[in-house]
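Engineer: Questions regarding the structure given below will be posed in turn.
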Amino acid sequence: MKRLLFGVFALVSLALFLGSSQLTATSTAQSTNFNGPVNARPAATPAKPAAAAKHPLDKGDFKVGFPPVAKGGKPRKAMPKDEAAMLQEIATGLNELIALPRDVYLNFDACGEPNAFYSSDTTEVTICYELADQIEQEFKTITKDQAKIDDMVGDTIMQAFFHELGHCLIDVLDLPATGREEDAVDQLATILILDGSPEGRRSAINAALEFDLASRDSDPNDMAYWDEHSFSKTRFYDMLCLVYGSDPKSMRSIVGPDGLPEERAVRCTLEYQRAEKAWMRLLEPFIIK
Ligand SMILES: [Zn+2]
């Protein structure tokens, strides 16, 4: 799950896009932390830039753990220290970036099902351990290289986390979302993972691949046409389209009969630009400068 940290680094690119000089300083301080193993990170947090005036809409924080009203504040499965530390770092990064009207709780937990969700009742984002286990089994069917599998699981969990964060932001920031919300938050997740770096593009492709794997066993006669989510195979192509559209020159290799069809690829630069512009414009009033 350490790859989630990389996603926070991606958030910094969002701030850069919005021209936040404060986050530029933070990104430099944090970047040394993102390449090392989680437990090798120094305990000291990076020095904060000089205190700026508080954003007028900033009345809450991202917090690690459970809201007092849920499960008596107790997890079903205790979070290992390194995972809690990682979530704390994500929370800190998000707090420096986004003004929240109320507290939001981030946690990993055992849920009894492979899932990830956002609860608006408790303003809680939960990634279930069972989801990571299921994803690992899926990737094990295509490679025996455990290090590779760990990376791909981390990339997919990062997508799931930012997807749920998208639901959370639409809710707590009262953002207008047209079209299917599930597709909108998939777009946000991909945009955040795609920070312009080759690693970001690799991570997004890995997360897309999971949707492809998840679609393998779908019975064409038993498709949930009523479901609020797009089909896994569609989500696979939607993600590939944004990856390609974010950098068509370096991503040309994913276009073709075995990847993103040319018929879709021709529109992906525009799709990426529009998705990014829409999310940036929606979030801009809440970005702490
Ligand atoms: Zn969702």
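All of the numbers you see were taken from the coordinates with simple rules; none came from a lab. This structure is a prediction, so every number in the text was calculated from the model and none was measured. Neighbour counts are summed over all protein chains in view; Cβ atoms, including those assigned to glycine, are modelled from backbone coordinates with ideal geometry.
Engineer: Give me a comma-separated list of calculated 3J(HN,Hα) values for the stretch 258-270, in order, Karplus coefficients 6.51, -1.76, 1.60 applied at θ = phi - 60°, integers in Hz, x for any Gly or Pro.
Structural biologist: Values per residue, Gly and Pro as x: 8, x, 7, x, 3, 4, 7, 4, 4, 9, 6, 4, 5 Hz.
Engineer: Sort Ile287, Ile127 so that the residue with the fewest other Cβ atoms within 10 Å of its own Cβ comes first and the one with the most comes last.
Structural biologist: So the residues, fewest neighbours to most, are Ile287, Ile127.
Engineer: Shifting gears a bit: Would you list which lysines come within 21 Å of Lys77, measuring only between C-alpha atoms, while excluding same-chain residues fewer than 8 positions from it?
Structural biologist: Lys2, Lys63
Engineer: What's the whole-number percent of alpha carbon pairs in the stretch 153-289 lying beyond 24 angstrom?
Structural biologist: Of all Cα-Cα distances in the stretch 153-289, 29 percent exceed 24 Å.
Engineer: Assuming a ≥ b ≥ c are the square roots of the Cα gyration tensor eigenvalues, decide whether the stretch 107-178 counts as rounded (a/c under 1.5), prolate (otherwise, with a/b larger than b/c) or oblate.
Structural biologist: The shape class here is prolate.
Engineer: Fewest Cβ neighbours within 10 Å first, please rank Tyr225, Tyr105 accordingly.
Structural biologist: If I rank by nearby Cβ atoms, fewest first, I get Tyr225, Tyr105.
Engineer: Further question: Sort 84-91, 251-258, 266-273 by the packing proxy (mean of other Cβ within 10 Å over each peptide's residues), most packed first.
Structural biologist: Listed from highest to lowest mean packing, they are 84-91, 266-273, 251-258.
Engineer: Taking H placed 1.01 Å from N in the peptide plane, check which residues at least 5 places from Asn115 or on another chain put their amide H under 5 Å from its amide H.
Structural biologist: Result for Asn115 returns Cys128, Glu130, Leu131.
Engineer: Can you tell me the order of 161-169, 110-118 when each peptide is scored by its average per-residue count of other Cβ atoms within 10 angstrom, highest first?
Structural biologist: 161-169, 110-118
Engineer: A follow-up question, please. For a Förster distance of 25 Å, can you work out the FRET efficiency between the beta-carbons of Glu263 and Ser120, rounded to the nearest 0.05?
Structural biologist: Efficiency computed from Cβ-Cβ geometry: 0.05.
Engineer: Let me see the pair-distance distribution of the stretch 170-210: every alpha carbon pair, 5 Å bin width, integer percents in order.
Structural biologist: 6, 22, 24, 20, 11, 14, 3
Engineer: Work out Dmax and Rg for the stretch 73-218 from the C-alpha atoms and quote the Rg first, both in angstrom.
Structural biologist: 15.4, 45
Engineer: On full extension of the chain, what length is gained from Lys59 through Asn221, given 0.36 nm per residue of separation minus the C-alpha to C-alpha distance?
Structural biologist: Taking 0.36 nm per residue and subtracting the Cα distance, the gain is 53.4 nm.
Engineer: Return the long-range amide H neighbours of Ser218 (sequence gap of 5 or more, or a different chain), with a cut-off of under 5 Å between placed amide H atoms.
Structural biologist: For Ser218, whose amide H was placed from the backbone, there are no distant partners under 5 Å.
Engineer: In what order do Ser246, Ser120 fall by count of nearby beta-carbon atoms within 10 Å, going from fewest to most?
Structural biologist: Ser120, Ser246
Engineer: Would you kindly derive the ³J(HN,Hα) couplings of the stretch 133-148 from the backbone phi angles with the Karplus curve 6.51 cos²θ - 1.76 cosθ + 1.60 (θ = phi - 60°), listing them in order in whole Hz, with x for Gly and Pro?
Structural biologist: Residue by residue, the stretch 133-148 yields 5, 5, 4, 4, 4, 5, 5, 5, 7, 10, 7, 9, 6, 5, 5, 5 Hz.
Engineer: Tell me which residues come under 5 Å, amide H to amide H, from Leu260 once H is placed; ignore anything under 5 positions away on its chain.
Structural biologist: HN-HN under 5 Å from Leu260: Val255.
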